[in-house]
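What follows is one structure encoded as structure tokens, with my remarks underneath.
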Amino acid sequence: MSNEIDNLTLERFDASASARPMQTRHRAFSLARVRAITVNTLTELTRLKVFYVLLVFALLLIGSSIFMAQFTFQQEFQILKDVSLGAMSIFTSLLAIVATARLIPQDIEDRTVYTILAKPVPRLEYLLGKIAGVLLLLAISTLVMSAVFVLVLYMREQAVLHTTIRQMSAAPREQLDAAVRAVRASAFNIDMVPGITIIYLKACLLAALTLFVSTFATTNIFTIVVMAFIYFIGHLQATAREYWLQAHASGLITKIFLAVVALLFPDLQAFNLVDDIVAGTAISLGLFFKTALLGIFYTAIYTLLAAFVFYGKEL
Amino acid sequence: MTEPAIAVRGLTKIFPVPFHRQSITAVRDLDLRVEPGEVFGLLGPNGSGKSTTLKIILGLVSPTRGRTEIFGRDSRLVESRVAVGFLPENPYFYKYLTGEETLRFFGRLCGLGGARLRERINELLDLVGLTKARKQRLGTYSKGMLQRIGLAQALIHHPKLLVLDEPTAGVDPAGSREIRDLIRDLRHRGITVLLSSHLLAQAQEICDRVGILADGALVREGRLEELIAIENQTELVLENASGTLLNEIEGLAARSNARVIERRKSTTTLERLFLEATKK
Ligand SMILES: Nc1ncnc2c1ncn2[C@@H]1O[C@H](COP(=O)(O)OP(=O)(O)OP(=O)(O)O)[C@@H](O)[C@H]1O
Ligand SMILES: [Mg+2]
């Protein structure tokens, strides 16, 4: 009986060992491994049902658009955009912080990190995979929210166009065309694309910062409280800094101090281009690229800082 | 001289205790060599430093002093883990993955993929007896099933060295028997195994060499049969022996300078009894 088992397992092992050469050579950095961790992180977050946030977003938009029929169409579109982009900014930020905060601490607590790092996986790859998973989740969420937003806006636009055409059926051709153009112009404007991109990058930055905080935090609550704190300071700090610069002469020490503050509390207000978009003011290409670069820079820096702490961490 | 599979030299690990002055010394000045192809058992009571030693060998915990190497490569280097499979104690994986997905994930981390990985997953699920549970989420697995998937995960990339922290903990007697048979098989294939345990009977059955840790220090180390042999005693097991024969033998013994210490009926082991009774 026991012999039978032995022979069976023996054969299986021989077959598998002889059919192909042993190990492929180890690579110091492998995108395939990062991808495996990314996919896993995305699966984890999906199966935790974080996407329910998106449902709330859709309900909020559809709900609020029902109440707005009483305004003029300019007002209506403006409020719709204001609410949507504002909600998008808050929801992606919230998602970024909540989804990232538990990622690493949970792995350490459950000791899954042992099994992963006992494989030939550098710690940097592990962290990159994790953050990439969150960034992907945020990208999907942002796209879905944008789609809901565009859809609701489009439907309202069509409704308004429909009534306009009906009301002005007797008016001359040019007048009707002008009215239609006015409706179209106040509904969609191209600046929504850079605006949403910046909202996404702000969420990325917050995710990376949360990852960094979570590498030395002792509890998830701590991470979330710290992030809430940073979130508010981040929105206020630009004003505070201007005030400070006015009050104090800008010596070298002041500048260094302010640079450190800017690193710890990123200027989140700079990522608020929503007001401009809602007002219909064009976002200059220069401002967009500057803000986008700032977002990418912060995301990269925080990820590297997280890696730095994680390398020295006793698991 | 062949290169050892594992070399531990002068290893000490001190855990600081936060907010206290004293600290915990988990491992004290440990020297250890595991030769390629042998099964080495690290034994010791709870808290004696077995798991800590294994984690340091795998580069998961950094040593306070001393160094560890796997096939001549420093444990701190990621490459040292290329040919190693590790089963942590009380393994716990991602609850939201199924058994199959878990193996796929770990396979990918080892650079496997495609048909080759799929085949290997089937092989391993079969080997650890989880084929039926392959589509089930690990959140619903029992302790023994987790241990089995942990073992499969450790074997996924055909490692040359297996490090198992209490491989049979929580596994039923039949499963524990299978795991021990598997370890023997692996040894026949030239795979080195380092395992920790405090189940002495089981360790005795499969280990070539053992080391006993007490309070972080290695107090005994050597080949099993040498360590446990009682040099001046011999056992004799007879079948169908009559009472007269036994008395004669005792008489013979008394006439030479030997002494019969004990005379008893042979018993089966509880394990064998259990396996007989629960056999399907
Ligand atoms: N991360 C840690 N921080 C502080 N002390 C630790 C840590 N890990 C282990 N220890 C201490 O080190 C000692 C050895 O622990 P270890 O887990 O290695 O024991 P073990 O031999 O595996 O025990 P068991 O048989 O119960 O698994 C214990 O006193 C434990 O409290
Ligand atoms: Mg242990």
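The values are calculated or read from the model by the stated rules, or taken from the named source; none is laboratory data. All values reported here derive from a predicted model rather than from experimental measurement. When we count neighbours, we look across all protein chains shown, and the Cβ atoms used for this are built from the backbone with ideal geometry, even at glycine. The protein model used for the area step is the full one, side chains on, heavy atoms only, and it has no ligands, DNA or RNA in it. Shrake-Rupley method; radii C 1.70, N 1.55, O 1.52, S 1.80 Å.
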Revision key, fill the gap. In the stretch B:39-80, anything within 16 Å of ligand 1 (Cβ to nearest atom) and aromatic (Phe, Trp, Tyr) is listed as B:PHE40
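Just to be sure, is B:PRO16 without any contact (Cβ under 8 Å) to a residue 24 or more places away in the chain and either farther than 15 Å from A:ALA118 by Cβ or within 15 Å of ligand 1 (Cβ to nearest atom) (or both)? So that I can check it myself, show each step before the final result.
Numbers: without any contact (Cβ under 8 Å) to a residue 24 or more places away in the chain: yes; either farther than 15 Å from A:ALA118 by Cβ or within 15 Å of ligand 1 (Cβ to nearest atom) (or both): yes.
Yes; evaluated as a whole, the condition is true for this residue.
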Point to revise | Enumeration of residues in the stretch B:241-279 that are charged (D, E, K, R) and either open to solvent by less than 100 Å² (accessible area, probe 1.4 Å) or in contact with a strand residue (DSSP E or B) (Cβ under 8 Å, 6 or more places away or on another chain) (or both) | key: B:GLU250, B:GLU271
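For a quick check of your reading: which strands (runs of 3 or more DSSP E) sit entirely within the stretch B:28-91 and have at least 3 residues that are within 11 Å of another protein chain (Cβ to nearest Cβ)?
B:84-87
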Exercise for review: Among the numbered conditions (1) touching a strand residue (DSSP E or B) at 6+ places or on another chain (Cβ under 8 Å); (2) of a type in the set (Val, Ile, Thr); (3) more than 18 Å from A:ASN40 (Cα to Cα), tell me where A:THR142 comes up short.
Suggested key: (1)
Review point. So, in the stretch B:134-151, of the ones that are away from every other protein chain (no Cβ under 12 Å) and either hydroxyl-bearing (Ser, Thr, Tyr) or crowded, with 20+ Cβ neighbours inside 10 Å (or both), which residue ends up farthest from A:ARG33 (Cα to Cα)?
Key: B:SER142
Practice item. Tell me the helices (runs of 4 or more DSSP H) entirely within the stretch A:49-122 that contain at least 1 residues that are surrounded by 18 or more Cβ atoms within 10 Å (Cβ to Cβ) and under 20 Å from the mean Cα position of the chain (by Cα). Key: A:52-66, A:73-101, A:103-109
Practice item. Output the residues belonging to the stretch A:212-246 that are touching a Phe, Trp or Tyr at 6+ places or on another chain (Cβ under 7 Å) and within 23 Å of A:LEU127 (Cβ to Cβ). Key: A:PHE212, A:THR215, A:ILE230, A:GLY234
Check your understanding: Only one of (1) open to solvent by less than 40 Å² (accessible area, probe 1.4 Å); (2) within 9 Å of chain A (Cβ to nearest Cβ); (3) more than 16 Å from ligand 2 (Cβ to nearest atom) fails for B:LYS95. Which number is that?
Key -> (1)
Practice item. Can you run down the residue pairs with Cβ atoms below 8 Å, 6 or more apart or on separate chains, where the first is in the stretch B:88-114 and in the same structural domain as B:LEU124 (by TED's automatic domain parsing) and the partner is in a strand (DSSP E or B) and open to solvent by less than 20 Å² (accessible area, probe 1.4 Å)? Key: B:PRO88/B:ASP165; B:GLU89/B:ASP165; B:GLU89/B:SER196
Check your understanding: So how many residues does the stretch B:99-125 have that are open to solvent by 20 Å² or more (accessible area, probe 1.4 Å) and over 21 Å from A:VAL34 (Cβ atoms)?
Key -> 6
